[in-house]
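The block underneath contains the structure these notes are about, expressed in C-alpha cells.
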2 protein chains.
Amino acid sequence: MSDLLERLRGRGWRMTSQRRVVAEVLDGEHVHLTADEVHARAAQRLPEISRATVYNTLGELVSLGEVIEVATDGRAKRYDPNAHHPHQHLICSNCGTIRDVHPAGDPLADLPVEERFGFTVSQVEVTYRGLCGVCA
Amino acid sequence: MSDLLERLRGRGWRMTSQRRVVAEVLDGEHVHLTADEVHARAAQRLPEISRATVYNTLGELVSLGEVIEVATDGRAKRYDPNAHHPHQHLICSNCGTIRDVHPAGDPLADLPVEERFGFTVSQVEVTYRGLCGVCA
DNA sequence: TCTTGACTTGGACTCTGTCTATTGTAGGGT
DNA sequence: ACCCTACAATAGACAGAGTCCAAGTCAAGA
C-alpha cells in the first residue's frame, strides 16, 4: 500500500500532492495504465495536475525501480506498478489487455554464450501474445 | 533473394515500382530498419516515393507474414525481414543495436495452463537486453 | 488499346512524449 | 511561526512517429 510513499519519502523525494496522487493511482490497482490514463485518474482527484508532471513523475518512478515501463506495441507505453515481483506479460492481440504471468524456467540461461555476441546480457523480457477469453 | 518478390506476386500483389523497391530494401540487408530508414533507402533508388506508401507497404508485408514488426522501446518500430526463421532479439540498452539470437528451449511450453487465464496463446517474443561489446 | 479498381501522393492531422520559461511550494534553517 | 531557496509544477510550444484522406496515376486483365 503506502509502503510506496514511505519508500519514496525515504529516498529523499519531496512529497508534493501531485506526486502523491500519481503514486496512489499506480499503487491502487494492478492494471497497466498508459501515461494518459494515469493523468486522467490523477486529475479526478487533483484536477489541475498537468501532463508534464505525470510524465516527470512516471519517469522518476521508473528510474527508482518502483514501476516498470512496458512498451508493447509501439504506441503508448504502459506502466506496471508490480515492480518488486518478477513476472512476464501476456497480451491480447485484439483488445490489448495485459496480464502478469509467471512462466517456469529461466530464459536468460537459455541463451548460450556463443549467441551473446559479446553483449553483457542483464535482462530478459518475455511477451506472450494471443486472444483473451472475451476476444476468442 | 527475390524469392520475396515471387511470393508477393504469387499472392496477387500488384507489382509497382514502389513496392518492389521497398521489398528489395528489406530483402537486401539483414538489419532492423525503422520505417523512416526504409523510406530513406528506398528514396535513393526512387526519389519520389512517399512516406505513406512506405508505411502502407510495410504494413502489408507484416500482415502477409513476410516481415516482423519489432517494437522495442516505444519509439519507432523496426522491421525485421528475417520472418521465416524463428528467432529472438538481443538489444543494446545504450546504442539500440539489435541482433537476432536463437535461445535454446521453448518459452511457450514454459507457461503453465493455469497461468494462461483463458487466453489462446499463439506467440512468444523474448527480448534480451544488455550492453554490446562497444558500449560496455 | 481501354478500363477500372487498386495504388500512390502530399499534406493535414493525431497521438505520445519532451522541453522551456515561468510560477509555485516543501521543508530545512532561524 | 516565518523565510529562503532549491526543487517541483505548470502551460503551451515543439518534435517524432504514424494515420488518414481526397485527388491523381497506373498495372494488368479484357
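Quick note: the coordinates plus some simple rules give every number you see, no bench work behind them. Remember, it's a predicted structure, so these values are computed and weren't measured experimentally. We place every Cβ from the backbone using ideal geometry, glycine too, and count neighbours over all the protein chains shown.
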Seminar exercise, completed: Sorted largest first, the C-alpha extents of the protein assembly as shown along its principal axes in whole angstrom are 61, 46, 42
Exercise. Cα centroid distance between the stretch B:53-111 and the stretch B:13-48, in Å?
Worked result: 17
Problem set entry | Approximate spin-label separation B:His84-B:Leu64, in nm, with each point projected 7 Å along Cα-to-Cβ | 1.2
Exercise. By DSSP, what percent of the beta bridges with both residues in chain A are antiparallel, rounded to the nearest 5?
Worked result: 70
Seminar exercise, completed: Honestly chain B on the Cα gyration tensor test (a ≥ b ≥ c root eigenvalues; a/c under 1.5 rounded, otherwise a/b vs b/c for prolate or oblate) is just oblate
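Order these peptides, A:110-119, A:23-32, by their mean beta-carbon neighbour count within 10 angstrom, highest first. Display every interim value, and only then the final one.
Values: A:110-119: 15.5, A:23-32: 17.3.
Per-residue mean Cβ counts within 10 Å order the peptides as A:23-32, A:110-119.
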Exercise. B:Ser93's amide H: which non-local residues (gap 5+, or another chain) put their own amide H closer than 5 Å, with H modeled 1.01 Å from N in plane and none for Pro or chain starts?
Worked result: B:Gly130, B:Leu131, B:Cys132
For this session: Please report B:Leu61, B:Leu46, A:Leu8 as a ranked list, fewest other C-beta atoms within 10 angstrom at the top and most at the bottom.
Result: B:Leu46, A:Leu8, B:Leu61
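Counting helices only, and only those DSSP H runs with n ≥ 4, report the 222 nm mean residue ellipticity of chain B as the sum of -39,500 (n - 2.57) divided by its residues, in deg cm²/dmol to the nearest 500.
Value at 222 nm, helices only, nearest 500: -10000 deg cm²/dmol.
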Exercise. Could you state the principal axis extents of the C-alpha atoms in the stretch A:3-80, from the largest down, to the nearest angstrom?
Worked result: 35, 27, 21
Seminar exercise, completed: Whole-Hz Karplus couplings 3J(HN,Hα) for the stretch A:48-53, θ = phi - 60° and coefficients 6.51, -1.76, 1.60, Gly and Pro as x, run 8, 5, 9, 4, 4, 5
